[in-house]
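Read through the structure below, which is laid out as structure tokens, and then see the notes.
The values are calculated or read from the model by the stated rules, or taken from the named source; none is laboratory data. Remember, predicted model here, so these are calculated numbers, not experimental data. In this analysis, Cβ positions are derived from the backbone assuming ideal geometry, glycine residues included, and neighbour counts consider all displayed protein chains. These area figures cover heavy atoms from the full protein model, side chains too; ligands, DNA and RNA do not enter into them. Shrake-Rupley method; radii C 1.70, N 1.55, O 1.52, S 1.80 Å.
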Amino acid sequence: MNWHVIYTKSRYEKAVADKLVLAGVEVYCPLLKTKKKWSDRWKWVEEPLFRSYCFVYLKEIEREKVFSVPGVVRYLYFCGKPAIVRQEEIDLLKNWLDEYSHESIETTGYQANDKVILKSGALMDHTAEVISSSGNYIILSLESLGVQIKVDLRKNIVEKLASF
């Protein structure tokens, strides 16, 4: 049995997870508690950490079972095969969400013109501007060196600079 990643319709993550549990499938939808402003008050709500994704623990022959649940779109593939997440990574994610304050956790994407700082690698502590973003890669312009570089976000730590 392996953990697989399923892609859901937008904002269906929790409903899909609940229905998969009722169908007898072990599912993990990491939720982040965030504080949201309503018209008259602040309220804590749970939102998926990864939008449109849930993790399911199934045997290979049971993979079709998830499509009986409304809101499931497809499996996520990597290199032409269904993406598999190791048990250690799921455990790490669970521990991380249990141990750290949810106020300090944020998932962000990079947009053109974002200012960032490189926190690892040969160009550590250099600031840059995002030219474009695609999947696990961003193209950065390092004005101080007069170059553009392609950065693999799986291998480098890049942080957004606060905008004022």
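At-a-glance table
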read-out	value
Search result, residues across the stretch 121-164 that are among the charged types (D, E, K, R), open to solvent by 70 Å² or more (accessible area, probe 1.4 Å) and either in contact with a Ser or Thr (Cβ under 9 Å, 6 or more places away or on another chain) or farther than 14 Å from GLY109 by Cα (or both)	ASP125, GLU143, LYS150, LYS155, LYS160
Selection within the stretch 9-26 - closer than 16 Å to VAL85 by Cβ and either modelled with pLDDT under 95 or not in a helix (DSSP H, G or I) (or both)	VAL25, GLU26
Extreme residue, most open to solvent (accessible area, probe 1.4 Å), among residues of the stretch 76-87 that are in contact (Cβ under 8 Å) with a residue 60 or more places away in the chain and either part of a strand (DSSP E or B) or of a type outside the set (Lys, Arg) (or both)	ILE84
Answer residue from the stretch 46-75, given it is hydrophobic (A, V, I, L, M, F, W, C) and in contact with a strand residue (DSSP E or B) (Cβ under 7 Å, 6 or more places away or on another chain) and is most open to solvent (accessible area, probe 1.4 Å) among those	VAL73
Matching residues in the stretch 138-164 - criterion: being closer than 14 Å to ASP114 by Cα and either in a strand (DSSP E or B) or touching a Gly at 6+ places or on another chain (Cβ under 9 Å) (or both)	ILE138, ILE139, LEU140, SER141, LEU142, VAL158, GLU159, LYS160
TYR110 being in a strand (DSSP E or B) and surrounded by 13 or more Cβ atoms within 10 Å (Cβ to Cβ)	no
Filter result for ILE90 (touching a residue at least 40 places away in the same chain (Cβ under 8 Å) and either over 30 Å from ALA23 (Cα atoms) or surrounded by 14 or more Cβ atoms within 10 Å (Cβ to Cβ) (or both))	yes
Counted residues, the stretch 31-60 - those being of a type in the set (Phe, Trp, Tyr) and within 20 Å of LEU20 (Cβ to Cβ)	4
Condition check for VAL25: touching a helix residue (DSSP H, G or I) at 6+ places or on another chain (Cβ under 8 Å) and more than 30 Å from VAL130 (Cα to Cα)	yes
